[in-house]
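Okay, structure first, notes after.
The values are calculated or read from the model by the stated rules, or taken from the named source; none is laboratory data. Quantities reported herein were computed from a predicted structural model and do not represent experimental measurements. Every residue, glycine as well, gets a Cβ built from its backbone with ideal geometry; the counts of neighbours run over all protein chains shown. Remember, those area values only see protein heavy atoms, side chains included, never the ligands or the DNA or RNA. Shrake-Rupley method; radii C 1.70, N 1.55, O 1.52, S 1.80 Å.
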Amino acid sequence: MRSIRERIFWILTVIFISAVVLCVKGTAMSMENRGRARENHYYAELERDYVDRTQQFLEEEGFHNCGVNMLRVTNQDGSREYRILLHHRRLASMSSEEKRKLENILAGMEFQDMVCSFRYEL
């Protein structure tokens, strides 16, 4: 039978090793979270800029006080899907051809990123 000191030694050794493993894992996860936070900040700025430019363009085209909503879905692989919703009384009276032209203009204003896709609802 082992002595009490030997048991205490092994129990403390297991506790110490467990603490070290958890600290290393926490450090690795923290570094991953920082990278994700930087990426989210980068895209948040692009998104704000896109909405601002879209609102300014629509204002210049006569769509005064046009509502622009941007909905984002971030997939597990890091790709992002955006749904742009425009709200204005004048949009309801536009033909499908006019709406298609407006969508094409707005698509030209998108921020160019390989992992982003845009869809418009007018």
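Taking the criterion of being open to solvent by 50 Å² or more (accessible area, probe 1.4 Å) and within 19 Å of Asn75 (Cα to Cα), the residues of the range 93-122 that qualify are Gln112, Met114, Val115, Ser117, Arg119.
Within the range 1-42, the set of residues being open to solvent by less than 100 Å² (accessible area, probe 1.4 Å), closer than 25 Å to Arg72 by Cβ and modelled with pLDDT of 75 or more comprises Ala37, Glu39, Asn40.
Filtered by the rule that a residue be touching a helix residue (DSSP H, G or I) at 6+ places or on another chain (Cβ under 9 Å) and assigned to a helix (DSSP H, G or I), the range 81-97 gives a lone residue, Leu91.
I need the full set of residues from the range 98-113 which are of a type in the set (Asp, Glu) and either assigned to a loop (DSSP other than H, G, I, E, B) or closer than 14 Å to Val68 by Cα (or both), in order please. Correct list: Glu103, Glu110, Asp113.
With respect to the conditions (1) without any contact (Cβ under 8 Å) to a residue 40 or more places away in the chain; (2) open to solvent by 40 Å² or more (accessible area, probe 1.4 Å); (3) under 16 Å from Val115 (Cα atoms), Arg80 lacks only one, and its number is (2).
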